[in-house]
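Some notes on the structure that comes next.
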Amino acid sequence: LHTLPWELLQEDGVLLTAGPDTPFSRYLPVALPWGSLVEERPIRVLAVISNPTDLEIYNLASVDVAAERTALAETFQDAGDAIRVDFLDPPVTLERFEETLRQQGGYHILHYIGHGAFGARKGLAVLYLQGEDGSTQIVPDDALIGMLARLPVRPRLVFLAACQSATRATGDAFRGLGPKLVAAGAPAVVAMQDSVSLPTARQVGTVFYRRLLESGAVDCALNA
């Protein structure tokens, strides 16, 4: 069933996953406790925006960091003191990524904006982070999973606004960055099955978080 493109199924031209009666989630059987409500306040959000200085080498568009920061800040401003958003300053290296996630007693939500890719032949997903000089550092999914596994407190929700961050190898529900994050202990992951433009991902994130603040349910928020 995991090989079927459920997110794209339509009836009379209407996406089933976008209908209010059919909120959609993919569930993976992992030997970990189910996620529970986040009752602690403020809810701590770490926003990571990766914009390497040499993306043109990879034929990738640069990320409008200022626009992304503004959009996220405006999205959460109505929540007042209930949510605190921290932005990881560049360069977005894997080491600084991990160091920041360890601070403040951990973060409830990790929101990543940047480029990603998935190689079907090897079943390998990557994110385009940065080296210390700001240039591209292509980080494989196993390195990201290892970083997450080392954290004493792991994010309860990971949102990956990155291309192919949920793509899986055919027949293997646990291949791909999104599924691996679930297997490593992230109770909820929002990621992209295919390519997505940065403006579209920004719009999705804006609506998603506003609805999440209303319902508290990840699948219902993404459905909206």
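For first residues located in the range 133-145 and under 10 Å from Val92 (Cα atoms) and modelled with pLDDT of 95 or more, partners that are assigned to a helix (DSSP H, G or I) and not charged (D, E, K, R) and lie 6+ apart or on another chain with Cβ distances below 8 Å form the pairs Thr136/Leu55; Thr136/Ile57; Thr136/Tyr58; Gln137/Leu94. Condition (residue is touching a Lys or Arg at 6+ places or on another chain (Cβ under 8 Å) and of a type in the set (A, V, I, L, M, F, W, C)) applied to the range 85-96: is it met by at least one residue? Yes, that holds for at least one residue. Taken together, the criteria place Glu98 among residues that are of a type in the set (Asp, Glu), open to solvent by 10 Å² or more (accessible area, probe 1.4 Å) and closer than 25 Å to Pro187 by Cβ.
Filter the range 103-121 down to residues that are more than 18 Å from the chain's Cα centre (by Cα) and in contact (Cβ under 8 Å) with a residue 24 or more places away in the chain and give me whichever is surrounded by the fewest Cβ atoms within 10 Å (Cβ to Cβ). Going through the qualifying residues, I end up with Gly105.
Restricted to the range 131-175, and to residues there that are over 29 Å from Trp6 (Cα atoms) and of a type in the set (S, T, N, Q), the residue that is farthest from the chain's Cα centre (by Cα) is Ser135.
Going through (1) of a type in the set (D, E, K, R); (2) at pLDDT below 95; (3) in contact with a Pro (Cβ under 7 Å, 6 or more places away or on another chain) one by one, Lys122 falls short only on (3). Only residues that are surrounded by 13 or more Cβ atoms within 10 Å (Cβ to Cβ), outside any loop (DSSP other than H, G, I, E, B), under 21 Å from the mean Cα position of the chain (by Cα) and hydrophobic (A, V, I, L, M, F, W, C): list them for the range 8-25, please. Listed by number, the list holds a single entry, Ala18.
Screening the range 69-95 for residues that are among the small types (Gly, Ala, Ser) and open to solvent by 30 Å² or more (accessible area, probe 1.4 Å) and picking the one that is nearest to Asn51 (Cα to Cα) gives Ala73.
Among the residues of the range 137-187 satisfying the criterion of being out of contact with any strand residue (DSSP E or B) (no Cβ under 6 Å at 6 or more places or on another chain) and acidic (Asp, Glu), which is most open to solvent (accessible area, probe 1.4 Å)? Within the range 137-187, the match that is most open to solvent (accessible area, probe 1.4 Å) is Asp142.
Can you work out which of the residues in the range 47-66 that are open to solvent by 30 Å² or more (accessible area, probe 1.4 Å) and in contact (Cβ under 8 Å) with a residue 60 or more places away in the chain is nearest to Arg202 (Cα to Cα)? Looking at residues that are open to solvent by 30 Å² or more (accessible area, probe 1.4 Å) and in contact (Cβ under 8 Å) with a residue 60 or more places away in the chain, I get Asp64.
Can you name every residue in the range 188-224 that is without any contact (Cβ under 8 Å) to a residue 12 or more places away in the chain, in a helix (DSSP H, G or I) and surrounded by fewer than 17 Cβ atoms within 10 Å (Cβ to Cβ)? Answer for the range 188-224, where residues must be without any contact (Cβ under 8 Å) to a residue 12 or more places away in the chain, in a helix (DSSP H, G or I) and surrounded by fewer than 17 Cβ atoms within 10 Å (Cβ to Cβ): Pro199, Thr200, Gln203, Glu214, Ser215.
Check whether at least one residue in the range 186-197 is in contact with a helix residue (DSSP H, G or I) (Cβ under 7 Å, 6 or more places away or on another chain), closer than 24 Å to Glu40 by Cβ and not small (Gly, Ala, Ser), and report yes or no. Yes, the conditions are met somewhere in the range 186-197. In the set Leu60, Leu46, Leu37, only one residue is under 16 Å from Leu160 (Cα atoms) and hydrophobic (A, V, I, L, M, F, W, C); that residue is Leu46. Leu28 satisfies every condition listed in (1) open to solvent by 50 Å² or more (accessible area, probe 1.4 Å); (2) touching a residue at least 12 places away in the same chain (Cβ under 8 Å); (3) under 22 Å from Pro187 (Cα atoms); (4) assigned to a loop (DSSP other than H, G, I, E, B) except (1).
The values are calculated or read from the model by the stated rules, or taken from the named source; none is laboratory data. The shown structure was predicted, so the numbers you read here are calculated from the model rather than taken from an experiment. Neighbour counts run over all protein chains shown; Cβ positions are idealised from the backbone, glycine included. Ligands, DNA and RNA are stripped out before the accessible areas are found, and what is left, the full protein with its side chains, is counted by its heavy atoms. Shrake-Rupley method; radii C 1.70, N 1.55, O 1.52, S 1.80 Å.
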